[in-house]
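Enquirer: The structure that follows is given in the form of structure tokens.
The values are calculated or read from the model by the stated rules, or taken from the named source; none is laboratory data. Bear in mind the structure is a predicted one, so any value in this text is a computation, not a measurement. Cβ sites come from the backbone with ideal geometry, for glycine too, and all protein chains shown count toward neighbours.
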Amino acid sequence: MGDLTKNLSRHEMACKCGCGSDSMDFETVMVVQDVCDEFKCSVTVTSAHRCFKYNRSKAVGSNDNSQHPQARGMDCKFGKVTPEGVHAYLCKKYPDKYGFGVYNSFNHIDTRTNGPARWDVR
């Protein structure tokens with residue numbers, strides 16, 4: 001049981017660099033919880049909030065347009081549900097908003113406010 005939702009806890013939102021930053025947009029949390037509820041599955045958060053320094057580091061190599069430093073993006077694995085299945089569900093349920101990426105072993109979910117984005121990196 002989580003302390004944010006049934007499946008998510010605050011400690012899972014923390015930046016991996018150890019800086020103590022653990023903010024996350026509640027709308028993002030609720031979209032991730034929606035997937036858990038829909039598929040009746042658990043979630044493993046592999047990356048959530050990232051401070052700008054960690055986001056730019058060699059370990060991550062992302063850019064300042066990433067939704068992670070904005071506390072609006074999460075990378076997740078959903079139990080035994082395939083990344084393709086999660087992606088298809090999210091794109092159908094939220095066709096005109098948010099950012100959804102499908103990768104070989106996880107999904108990226110974000111609640112960007114500048115229009116929808118979809119990508120497939122497999």
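Enquirer: Tell me, which residue of region 1-23 that is crowded, with 21+ Cβ neighbours inside 10 Å and touching a Gly at 6+ places or on another chain (Cβ under 9 Å) is nearest to residue 67 (Cα to Cα)?
Expert: Applying the filter and picking the extreme gives 12.
Enquirer: For residues that are closer than 19 Å to residue 117 by Cβ, touching a Pro at 6+ places or on another chain (Cβ under 6 Å) and in a helix (DSSP H, G or I), tally how many sit in region 28-72.
Expert: Of the residues in region 28-72, 1 are closer than 19 Å to residue 117 by Cβ, touching a Pro at 6+ places or on another chain (Cβ under 6 Å) and in a helix (DSSP H, G or I).
Enquirer: Which of the residues belonging to region 75-98 are in contact with an Asp or Glu (Cβ under 7 Å, 6 or more places away or on another chain) and crowded, with 21+ Cβ neighbours inside 10 Å? Working first, answer last.
Expert: Filtering region 75-98 for residues in contact with an Asp or Glu (Cβ under 7 Å, 6 or more places away or on another chain) gives 89, 98.
The one that is in contact with an Asp or Glu (Cβ under 7 Å, 6 or more places away or on another chain) and crowded, with 21+ Cβ neighbours inside 10 Å: 98.
Enquirer: May I pose another question? Among all residue pairs at least 6 apart or on different chains, which show Cβ distances below 9 Å where the first residue, located in region 99-122, is under 11 Å from residue 31 (Cβ atoms) and the second is among the β-branched types (Val, Ile, Thr) and assigned to a strand (DSSP E or B)?
Expert: 99/109; 100/109
Enquirer: Do we have residue 71 as at pLDDT 95 or above and at positive phi here?
Expert: On the way: at pLDDT 95 or above: yes; at positive phi: yes.
So residue 71 passes the test.
Enquirer: Now, a different point. How about region 46-59: which of its residues are touching a strand residue (DSSP E or B) at 6+ places or on another chain (Cβ under 8 Å) and over 13 Å from residue 29 (Cα atoms)? Walk me through it before giving the result.
Expert: Going residue by residue through region 46-59, those that are touching a strand residue (DSSP E or B) at 6+ places or on another chain (Cβ under 8 Å) are 46-48.
Once the filter is applied, which keeps residues that are touching a strand residue (DSSP E or B) at 6+ places or on another chain (Cβ under 8 Å) and over 13 Å from residue 29 (Cα atoms), region 46-59 yields only 46.
Enquirer: Provide a single number: the residues in region 53-94 that are more than 14 Å from residue 13 (Cβ to Cβ), touching a residue at least 24 places away in the same chain (Cβ under 8 Å) and among the polar types (S, T, N, Q).
Expert: Here the count works out to 1.
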